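*Asks:* Here it is, the structure in full.
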Amino acid sequence: GRARVEYAEYDTMTWAATQNVPIVDEVLAARFNYERYLSDGFVKNITRDEDDWGRTDRQNARLQLLYRPNGDDDTTLNFTYRYGEDRGNDIFPFVGGPTPFFDRTSIYNNNDVYDSESHFLALEGFFRLNDAWTLETVTSAQYLDGFQDFDGDRSPFPIDQVFAYFDEYLYTQEFRFNFDDGGPFRGLVGLYGQYNSYKNGLNGTLFGSTIDNDISEFGTVAALFLNGEYDVTNRLTVGAGVRFNYEERDVNFSSVLGPLPPFLPFPLAGEQRSTDEFFDVLPQGSISYDLSDTQTIGGLVSRGYRSGGVSVAPFVQQVAGYDPEYTWNYELFYRGVFLDGELRVNSNVFYNDWTDQQVGLQVP
């Protein structure tokens, strides 16, 4: 194991430790990691007369377990748990003081905070089924929770205060069957599934009026993918693959804003819902040629994709779906090793043809 301690200005301190623990020789082992970062920050709030307005308290811990029941690599299970916690106010803006390079100041009257907590679990498995086939599995679960308390009017006066939250859940499962019998063909067949739940909202006062917004999104992803390579000769290899991808998004939105002052004479309140689904076929192809035992050239063509979704403009009560975006990606590459491995040369040329690009719009 090993440990580290650091100290710096603004009462900044970091300490970290890592420890490996053999439990059963060649069968079971563990690793622990922990790190914590503390700092008062370099921002002074001149309204509240606080030197630690940009404070941070961040810590991360991780546990890993590696299990090989037969004492070899034919069957392995790797378990990971990671915990993260972030407390403080290290993201909010500031302005320069009398000497802007050194004096960073804030005028907010509110004691802003931005706290978050995260959990991550993963189980990776590798299983050799026979001399040609192996199975890899990846199971994961993630949770992120956050709370924000900030100065809505961004001034030294106690006019507006806003509270915000977000909760995110993500679960995934993947199976990959790999084939390699030592012959000219290698390939894999894979399945992927995902479920996610995202919720966020804010409440408080804005322009002196009450605001209460809540957005929830639920999504599912299912995919089948195949990929293979074939050695046409001992120098020429061709490859091809395809991914069949299905996604579904369901968004619910509710909002209350009002009563509003006379210059904004439209009370805003209501609920909206939008559901969209997408199905896409994403191919790819490749070719490579060995100029020698140490030099290779080749090319790759693939279809890129970013899913569509549902967009929310809370202050004007609009919920609208948007379509996926796509790219065709072209690549030429060269790989070379010289001087008995002491010199390596890699070169790539890319071209991307981007269509239906997703861009943000400011609603009038």
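The values are calculated or read from the model by the stated rules, or taken from the named source; none is laboratory data. Everything numeric here is computed off the predicted structure, so don't read it as measured data. Note: ideal-geometry Cβ built from the backbone for every residue, glycine included; neighbour counts use all protein chains shown. Areas reflect the complete protein model, heavy atoms only, side chains present, ligands, DNA and RNA absent. Shrake-Rupley method; radii C 1.70, N 1.55, O 1.52, S 1.80 Å.
Per-residue answers, yes or no, for (1) at pLDDT 90 or above; (2) of a type outside the set (S, T, N, Q); (3) assigned to a strand (DSSP E or B):
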{"site": "SER118", "(1), (2), (3)": "yes, no, yes"}
{"site": "GLU124", "(1), (2), (3)": "yes, yes, yes"}
{"site": "LEU135", "(1), (2), (3)": "yes, yes, yes"}
{"site": "SER140", "(1), (2), (3)": "yes, no, yes"}
{"site": "LEU144", "(1), (2), (3)": "yes, yes, yes"}
{"site": "PHE150", "(1), (2), (3)": "no, yes, yes"}
{"site": "TYR165", "(1), (2), (3)": "yes, yes, yes"}
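*Asks:* Given the conditions (1) modelled with pLDDT under 90; (2) open to solvent by less than 70 Å² (accessible area, probe 1.4 Å); (3) over 23 Å from the mean Cα position of the chain (by Cα), which single one is not true for PHE42?
*Replies:* Condition (2) is where PHE42 drops out.
*Asks:* Now a separate question. Go through segment 45-85 and give me each residue that's over 23 Å from the mean Cα position of the chain (by Cα), closer than 30 Å to ASP11 by Cβ and among the polar types (S, T, N, Q). Walk me through it before giving the result.
*Replies:* Start the filter on segment 45-85 by keeping residues that are over 23 Å from the mean Cα position of the chain (by Cα), which leaves 45-55, 65-77.
Pick out the ones that are also closer than 30 Å to ASP11 by Cβ and you get 45-55.
The answer is ASN45, THR47.
*Asks:* Residues being of a type outside the set (Lys, Arg), under 20 Å from VAL138 (Cβ atoms) and open to solvent by less than 70 Å² (accessible area, probe 1.4 Å): count how many of those fall in segment 169-196.
*Replies:* Selection size over segment 169-196: 14.
*Asks:* Restricting attention to segment 222-255, and to residues there that are at pLDDT 95 or above and of a type in the set (Gly, Ala, Ser), which single residue is farthest from ARG303 (Cα to Cα)?
*Replies:* Among those residues, the one meeting the criterion is ALA222.
*Asks:* Within segment 322-364, which residues are hydrophobic (A, V, I, L, M, F, W, C), closer than 23 Å to GLY308 by Cα and touching a residue at least 12 places away in the same chain (Cβ under 8 Å)? Working first, answer last.
*Replies:* Applying the first criterion (hydrophobic (A, V, I, L, M, F, W, C)) to segment 322-364 yields 328, 332-333, 337-339, 343, 345, 349-350, 354, 359, 361, 363.
Applying the additional criterion that residues be closer than 23 Å to GLY308 by Cα yields 328, 354, 359, 361, 363.
Matches in segment 322-364: TRP328, TRP354, VAL363.
*Asks:* Name the strands (runs of 3 or more DSSP E) wholly within segment 1-57 that hold at least 1 residues that are polar (S, T, N, Q)? Full working, then the answer.
*Replies:* On the way: elements: 2-8, 12-24, 28-39, 43-45.
Strands (runs of 3 or more DSSP E) meeting the threshold: 12-24, 28-39, 43-45.
*Asks:* Okay, moving on. Take the residues in segment 304-342 that are β-branched (Val, Ile, Thr) and surrounded by 14 or more Cβ atoms within 10 Å (Cβ to Cβ); name whichever of them is farthest from VAL251 (Cα to Cα).
*Replies:* Within segment 304-342, the first condition is being β-branched (Val, Ile, Thr), and the residues that meet it are 310, 312, 316, 319, 327, 337.
Then keep just the ones that are surrounded by 14 or more Cβ atoms within 10 Å (Cβ to Cβ); that gives 310, 312, 319, 327, 337.
On the way: VAL310: 7, VAL312: 9, VAL319: 9, THR327: 26, VAL337: 52 Å.
Only one residue fits best here, namely VAL337.
*Asks:* While we're on this one: Return the total of residues in segment 314-364 being closer than 30 Å to ASP214 by Cα, assigned to a strand (DSSP E or B) and more than 23 Å from the chain's Cα centre (by Cα). Let's see the steps before the verdict.
*Replies:* Looking only at segment 314-364, we keep the residues that are closer than 30 Å to ASP214 by Cα, and these are 314-325, 356-364.
This time we only want the ones that are assigned to a strand (DSSP E or B), so: 318-322, 325.
Filter again for more than 23 Å from the chain's Cα centre (by Cα), leaving 318-320.
Residues flagged as closer than 30 Å to ASP214 by Cα, assigned to a strand (DSSP E or B) and more than 23 Å from the chain's Cα centre (by Cα) within segment 314-364 amount to 3.
*Asks:* Just to be sure I understand, how many residues within segment 146-164 are closer than 15 Å to GLU117 by Cβ and surrounded by fewer than 16 Cβ atoms within 10 Å (Cβ to Cβ)?
*Replies:* So the count comes out to 1.
*Asks:* Another one. Just checking, does segment 222-245 include any residue being part of a strand (DSSP E or B), within 21 Å of THR139 (Cβ to Cβ) and among the basic types (Lys, Arg)?
*Replies:* Taking every residue of segment 222-245 in turn, at least one turns out to be part of a strand (DSSP E or B), within 21 Å of THR139 (Cβ to Cβ) and among the basic types (Lys, Arg).
*Asks:* Okay, next question. Quick one: would you say SER311 is at pLDDT below 95, under 29 Å from the mean Cα position of the chain (by Cα), outside any loop (DSSP other than H, G, I, E, B) and among the hydroxyl-bearing types (Ser, Thr, Tyr)? Please lay out each step first, then the result.
*Replies:* Working: at pLDDT below 95: yes; under 29 Å from the mean Cα position of the chain (by Cα): yes; outside any loop (DSSP other than H, G, I, E, B): yes; among the hydroxyl-bearing types (Ser, Thr, Tyr): yes.
It is true that SER311 is at pLDDT below 95, under 29 Å from the mean Cα position of the chain (by Cα), outside any loop (DSSP other than H, G, I, E, B) and among the hydroxyl-bearing types (Ser, Thr, Tyr).
*Asks:* Please give the number of the condition VAL221 fails out of (1) under 21 Å from the mean Cα position of the chain (by Cα); (2) open to solvent by 40 Å² or more (accessible area, probe 1.4 Å).
*Replies:* (2)
*Asks:* Follow-up. Among the residues of segment 70-77, are any under 28 Å from ASP145 (Cα atoms), buried (at least 16 other Cβ atoms within 10 Å of the Cβ) and in contact (Cβ under 8 Å) with a residue 12 or more places away in the chain? Steps first, please.
*Replies:* Applying the first criterion (under 28 Å from ASP145 (Cα atoms)) to segment 70-77 yields none.
No, segment 70-77 contains no residue that is under 28 Å from ASP145 (Cα atoms), buried (at least 16 other Cβ atoms within 10 Å of the Cβ) and in contact (Cβ under 8 Å) with a residue 12 or more places away in the chain.
*Asks:* Given the condition closer than 30 Å to ALA16 by Cα and either β-branched (Val, Ile, Thr) or out of contact with any strand residue (DSSP E or B) (no Cβ under 8 Å at 6 or more places or on another chain) (or both), answer yes or no: does some residue in segment 136-156 qualify?
*Replies:* Initial filter on segment 136-156 (closer than 30 Å to ALA16 by Cα): 138-149.
Next, only the ones that are either β-branched (Val, Ile, Thr) or out of contact with any strand residue (DSSP E or B) (no Cβ under 8 Å at 6 or more places or on another chain) (or both) stay: 138-139.
Yes, segment 136-156 contains at least one residue that is closer than 30 Å to ALA16 by Cα and either β-branched (Val, Ile, Thr) or out of contact with any strand residue (DSSP E or B) (no Cβ under 8 Å at 6 or more places or on another chain) (or both).
*Asks:* Continuing with this model, one more query. With open to solvent by 80 Å² or more (accessible area, probe 1.4 Å), modelled with pLDDT of 95 or more and of a type in the set (Val, Ile, Thr) as the only criterion, which of VAL301, VAL281, VAL345, VAL349 stands out? Full working, then the answer.
*Replies:* Values: VAL301 fails: open to solvent by 80 Å² or more (accessible area, probe 1.4 Å); VAL281 fails: open to solvent by 80 Å² or more (accessible area, probe 1.4 Å); VAL345 fails: open to solvent by 80 Å² or more (accessible area, probe 1.4 Å).
Answer to the selection: VAL349.
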